[in-house]
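Undergrad: A single structure is presented below for examination.
Rule-based calculations on the coordinates, nothing more; no lab input. Keep in mind the model is a prediction, meaning the values are calculated, not measured. Quick reminder, even Gly has a Cβ in these numbers, built from the backbone with ideal geometry, and neighbours come from all protein chains shown.
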Amino acid sequence: MQRITVQTTPIEGQKPGTSGLRKKTHVFMGPHYLENFIQSIWIGIGGVEGKTLVLGGDGRYFNDRAAQVILRMAAASGAKKVIVGQNAILSTPAASNLIRINGTDGGIIMSASHNPGGPDEDFGVKFNMPNGGPAPEEVTNKIFEASQKVTSYDIMETQDVDLSEIGETELAGMEIQVVDPVADYAALMEKLFDFDAIRLLLGSGFRIRFDAMHAVTGPYAKAILEQTLGAPAGSVVNAVPSPDFGGGHPDPNPIWAKELMTAMFSSEGPDFGAASDGDGDRNMILGRNVYVTPSDSLAVLAANAHFAPGYEDGLKGVARSMPTSRALDRVAAAKGLDCYETPTGWKFFGNLLDAGRVSLCGEESAGTGSDHVREKDGLWAVLLWLNILAIKQQSVAEIMMGHWSEFGRNYYSRHDYEAVETDKANALIDELRGKLDTLPGTSVSGLTVETADEFAYDDPIDGSHTGQQGIRIGFEGGARAVFRLSGTGTVGATLRVYLEDVETDPMNMHRDAQSALANVIAAADEIAGITRHTGRTEPDVKT
Ligand code: G16
């Protein structure tokens, strides 16, 4: 075994996006690509010598090989210890938890989240900080700068480390602790939730279906929902993680989780349905014949979290990303809670959670979480829902109806235009930006523009400023359209259009969201010239 120094040259495009660096797998597998980025992480965090890290990933294609490279590089650069999930597997929230309970100097998570996996699909790497949360922009900028200057990296030349057995081993003097990916996470969930109440609910004939989408939450959901809480075997489906997620998109939304939608909208469907994504941080919630939007789910959890032991003293405050619907704000106003609006990206919640300003937060992109870790957490959201259902003894549909009649309903939909040519997408946003001053007061598709601006965020804790976080158009009466480009895609640009309208008349609360939003959709198209710029007449995905 020997340490070697490999000469390299910078590789273009290693700029982390909304959540780490995501590229096509074959790009990551190209010569020096992964190694350059890992070396840039070491430089960006001020070196890895003497440090302890957590390492794991969602098990997608190349996860196992990448883990070996990262371990050999950590050892060659003098890391003290790496705590690795068995077979290099860890869900993102479980990795965040391990970083926190072991007080490590951070961790590396290998995942491209809900993007498909396989040699022709996507791979990703991100660094999480000692608080367990995604690196903030200050650090990702340093990593990117390092990637533009990197000239060499150190790596051990040696055999693979056996990661299949739980226990301690070592690599060139660096300790390696292989841990059960599920145990510590399951123990944390047991502390937060009323497992006895959930057990009673699941023992009473209440049927659930959890779709792990062939991704990382399979083993977690089997252990917690079936083995610990007593859901009948088979309640967790697609539970064995596979490197290409069974050939599907591990994205818990009505489009990609079609199988679950069909089951839940059948006459004999289960009482509760849920799904999670590739790395286990997203969630989708369903009742029989009911789909709960992520924004509504966040609002319902905020209104009812006190039914779970971990939150029985009430919430410190709540936060949502800017494009997320303002259903949460209505709950916060009614309960007298502070409500923060942050840019898209879980990393922006970290300071608020660390400072104790908020204890629950979420995003329209199917992410909900709390101060128990510093990542969004799919299975946590499912367990909080089950805890609430167990205590309230109501169906999901009843909970939604009660919520809307108490707080009002925010109709909401996101329209995605995928793989748009980058120049065309940028031109659309630039044109919108250029006319913001002239929009207020104009009438479009029967709506009058009240406000138009570009969202920027000043972090109330560290004072950092983040600009250009989405164009917001507010209409008289409370409707809203938001435009931004995704920071997680790997092909061209994805234009996201977020559409919302508020309804407080109880007689009008049960409409289909697309029809309820028809005039907002038309106004958004007209204001942004979506068809003119992109040539598209329909979005690729509506959620
Ligand atoms: C990531 C981020 C989320 C963000 C989502 C969508 O989720 O962690 O905070 O909301 O991407 O981002 P964008 O709209 O820029 O594509 P995940 O689950 O992909 O890690």
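Undergrad: Where the centre of each part is set by its Cα atoms, how far does segment 34-109 sit from segment 370-402, in angstrom?
TA: Taking the Cα centre of segment 370-402 as reference, the centre of segment 34-109 is 31 Å away.
Undergrad: Follow-up question, since we're still on this one. Provide the packing ranking of 258-266, 409-417, 61-69, i.e. peptides ordered by the mean count of other C-beta atoms within 10 Å per residue, highest first.
TA: Those peptides, ordered most packed to least, come out 409-417, 61-69, 258-266.
Undergrad: Which ³J(HN,Hα) values, rounded to whole Hz and listed in residue order, are derived for segment 201-206 from phi using the Karplus coefficients 6.51, -1.76 and 1.60 in 6.51 cos²θ - 1.76 cosθ + 1.60 with θ = phi - 60°, glycine and proline given as x?
TA: After applying 6.51 cos²θ - 1.76 cosθ + 1.60, I find 4, 6, x, 9, x, 6 Hz.
Undergrad: Rg and Dmax of segment 1-87, using alpha carbons, in Å: what are they?
TA: Gyration radius and largest Cα-Cα distance of segment 1-87: 13.0, 38 Å.
Undergrad: Pull up the cross-link candidates among the lysines for LYS435, meaning alpha carbon to alpha carbon under 26 Å and not fewer than 8 places away within one chain.
TA: Answer for LYS435, where 26 Å is the Cα cut-off: LYS424, listed by chain and number.
Undergrad: While we're here: Compute the distance in nm between two label points, each set 7 Å from the Cα along the Cα-to-Cβ direction, one at GLN468 and one at ILE166.
TA: 4.8
Undergrad: Beta carbons within 10 angstrom, averaged per residue: use that to sort the peptides 99-111, 157-169, highest first.
TA: 99-111, 157-169
Undergrad: What shape does the chain have by the C-alpha gyration tensor, where a ≥ b ≥ c are the square roots of the eigenvalues, rounded means a/c under 1.5, and otherwise prolate means a/b greater than b/c and oblate the rest?
TA: Note, shape of the chain comes out oblate.
Undergrad: Enumerate the amide H contacts of VAL82 below 5 Å, restricted to partners 5 or more residues apart or on another chain; note that Pro and chain-start residues carry no placed amide H.
TA: Answer set, sorted by chain and number: LEU53, GLU175, ILE176, GLN177.
Undergrad: Run the dipole for segment 477-543 about the Cα centre, Lys and Arg Cβ at +1, Asp and Glu Cβ at -1, nothing else charged, and hand back the magnitude in debye, nearest 20.
TA: Here the size comes out at about 320 debye.
Undergrad: Tell me, how many Å apart are the Cα centres for segment 185-242 and for segment 256-303?
TA: Computed from Cα coordinates, the inter-centre distance equals 14 Å.
Undergrad: Separate question: Which FRET efficiency, nearest 0.05, do ASN141 and LEU200 yield, Cβ-Cβ r, R0 51 Å? All intermediate terms of the calculation are to be shown ahead of the outcome.
TA: On the way: r = 50 Å, r/R0 = 0.98.
Rounded to the nearest 0.05, the efficiency is 0.55.
Undergrad: Before anything else, pin down the relative contact order of the chain: Cα pairs under 8 Å, at least 6 apart, normalised by residue count, whole percent.
TA: Details: 1252 pairs, mean separation 72.3, N = 543.
So the answer I get is 13 percent.
Undergrad: For segment 403-420, what does the Karplus curve 6.51 cos²θ - 1.76 cosθ + 1.60, with θ = phi - 60°, yield as ³J(HN,Hα) per residue in whole Hz, taken in order and with x for Gly and Pro?
TA: Residue by residue, segment 403-420 yields 5, 5, 6, 7, 10, x, 10, 9, 4, 8, 7, 10, 10, 10, 10, 9, 6, 6 Hz.
Undergrad: Averaging sequence separations of C-alpha pairs under 8 Å and six or more residues apart, then dividing by the length of segment 2-180, give the relative contact order as a whole percent.
TA: 36
Undergrad: From the square roots a ≥ b ≥ c of the eigenvalues of the alpha-carbon gyration tensor of segment 55-201, which class results: rounded (a/c under 1.5), prolate (a/b over b/c), or oblate?
TA: prolate
Undergrad: For segment 53-70, take each phi angle, set θ = phi - 60°, evaluate the Karplus expression 6.51 cos²θ - 1.76 cosθ + 1.60, and give the result in whole Hz per residue in order, putting x for glycine and proline.
TA: Once rounded to whole Hz, the list reads 10, 9, 9, x, x, 8, x, 5, 3, 5, 4, 5, 5, 4, 4, 5, 5, 5.
Undergrad: Contact order normalised by length for segment 412-543, with contacts defined as Cα pairs under 8 Å and 6 or more residues apart; what percent is it? Provide the component values of the computation, followed by the final result.
TA: Working: 233 pairs, mean separation 47.5, N = 132.
This gives 36 percent for segment 412-543.
Undergrad: Return the long-range amide H neighbours of GLU450 (sequence gap of 5 or more, or a different chain), with a cut-off of under 5 Å between placed amide H atoms.
TA: Answer set, sorted by chain and number: GLY441, GLY474, PHE475, GLU476.
Undergrad: So for the pair LYS258, ALA333, with labels modelled 7 Å out along Cα→Cβ, what separation do we get in nm?
TA: 4.0
Undergrad: Next up: Which entries of LYS81/LYS376; LYS258/LYS542; LYS15/LYS258; LYS51/LYS142; LYS142/LYS316; LYS126/LYS191 have Cα-Cα distances beyond 23 Å here?
TA: LYS81/LYS376; LYS15/LYS258; LYS142/LYS316; LYS126/LYS191
Undergrad: Need one word for segment 150-215: rounded, prolate or oblate. Basis is the Cα gyration tensor (sqrt eigenvalues a ≥ b ≥ c); a/c below 1.5 gives rounded, then a/b vs b/c decides.
TA: Details: a/c = 3.41, a/b = 2.69, b/c = 1.27.
Taking the square roots of the gyration eigenvalues as a ≥ b ≥ c, segment 150-215 is prolate.
Undergrad: Right, here's the next one. In whole angstrom, and with the biggest value first, how far do the Cα coordinates of segment 450-543 range along each principal axis?
TA: Largest first, segment 450-543 extends 45, 35, 22 Å along its Cα principal axes.
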